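Shown next, in structure tokens, is the structure this report addresses.
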Amino acid sequence: MPHIKDERTFVIIKPDGIQRTLIGEIMGRYERIGLKLVGLKLLVTTPEQIEKHYTLDPNWLRVTGEKTIKNYRDKGLTPPSDDPYVITKRILKNLMVYMTSGPVLVMVWEGAHAVKIVRKITGGTEPLSSDVGTIRGDFVLDSYQISDIDGRSIRNLVHASGSPEEAEKEIALWFKQEELIGYKLLQEQILYDVNMDGIME
Ligand code: GDP
Ligand code: MG
């Protein structure tokens, strides 16, 4: 088991994030909290890769379908289908179009509780309800309501792994081992060392 401070998470700046010229703003938020960038690639992806990405967890199709049905019901709306798999099939089709519409930036960030910290900074899935102060809450105004009317994916700028297990699978899907760089940042001494010594002359 790696130490908690060596936890890694996988992030994609989606095509809308690139087009909104938010690369520096988004990366800056992960960087300034103390996380370390260990992998980075700009690329145009394929529908096949996106399908693989979202179905790495065999439960994703069912869980996301069920969650979406619940979202509709909680708002007093009728879901387009009662079958979670029918719902996610549509979501996945839209994601394949959205995620291949332009370049994306894929990256791996490392540090203590990397997965949770990145999710916290990124904010909830639907920008309309994402907390103020998060990336999705501060830089975009999309909602399920608008995206459903137009039959497209919600534009929420960023993907971030939901758990360390998900992160591990996603990193292996998008990066070769040799594309990830192991190195030290000098600030890690201040972030993690038991004694903050060597500061005073
Ligand atoms: P994330 O981890 O915050 O990106 O969210 P999920 O993994 O739960 O969902 C992945 C993607 O599925 C989202 O970016 C959306 O495109 C789509 N999605 C998830 N939940 C819903 C929903 O309730 N309604 C719709 N229309 N799409 C959804
Ligand atoms: Mg997810």
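Scanning the stretch 131-153 for residues that are farther than 22 Å from I33 by Cα and either open to solvent by less than 20 Å² (accessible area, probe 1.4 Å) or among the small types (G, A, S) (or both) yields D142, S143, S147, G151, S153.
Whenever a residue of the stretch 122-134 is assigned to a loop (DSSP other than H, G, I, E, B), its partners that are of a type in the set (K, R) and surrounded by fewer than 16 Cβ atoms within 10 Å (Cβ to Cβ), lying with C-beta atoms within less than 8 angstrom and at least six residues away or across chains, give the pairs T134/K120. Quick one: in the stretch 60-85, of everything that is hydrophobic (A, V, I, L, M, F, W, C) and assigned to a helix (DSSP H, G or I), which residue is nearest to E170 (Cα to Cα)? If we take residues in the stretch 60-85 being hydrophobic (A, V, I, L, M, F, W, C) and assigned to a helix (DSSP H, G or I), then W60 is nearest to E170 (Cα to Cα).
State whether the residues of the stretch 185-196 include one that is crowded, with 18+ Cβ neighbours inside 10 Å and not in a helix (DSSP H, G or I). Within the stretch 185-196 (the criterion being crowded, with 18+ Cβ neighbours inside 10 Å and not in a helix (DSSP H, G or I)), the answer is no, since none of the residues qualifies.
Matching residues to (1) at pLDDT below 95; (2) surrounded by fewer than 19 Cβ atoms within 10 Å (Cβ to Cβ); (3) within 15 Å of ligand 2 (Cβ to nearest atom):
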position	(1), (2), (3)
L61	yes, yes, yes
P79	yes, yes, no
M99	no, no, yes
E110	no, no, no
V115	no, no, yes
K120	no, yes, yes
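Residues that are under 11 Å from the mean Cα position of the chain (by Cα), farther than 23 Å from R73 by Cβ and within 13 Å of ligand 2 (Cβ to nearest atom) are absent from the stretch 124-135. Out of (1) more than 15 Å from ligand 1 (Cβ to nearest atom); (2) under 19 Å from L173 (Cβ atoms); (3) in contact with an Asp or Glu (Cβ under 7 Å, 6 or more places away or on another chain), what's the single condition that is false for L43? Here L43 clears every test but (3).
Here is the figure for the stretch 17-39: residues that are touching a residue at least 24 places away in the same chain (Cβ under 8 Å), surrounded by fewer than 21 Cβ atoms within 10 Å (Cβ to Cβ) and farther than 20 Å from E188 by Cα total 6. The listed residues are V158, V132, and the only one of them that is modelled with pLDDT of 95 or more, in contact with a Ser or Thr (Cβ under 9 Å, 6 or more places away or on another chain) and of a type in the set (A, V, I, L, M) turns out to be V158.
The values are calculated or read from the model by the stated rules, or taken from the named source; none is laboratory data. Since we're looking at a predicted model, the values are computed, not measured. For neighbour counting, all protein chains shown are included, and Cβ atoms are generated from backbone atoms with ideal geometry for every residue, glycine included. Quick note on the areas: whole protein, heavy atoms, side chains included, nothing else; ligands and nucleic acids left out. Shrake-Rupley method; radii C 1.70, N 1.55, O 1.52, S 1.80 Å.
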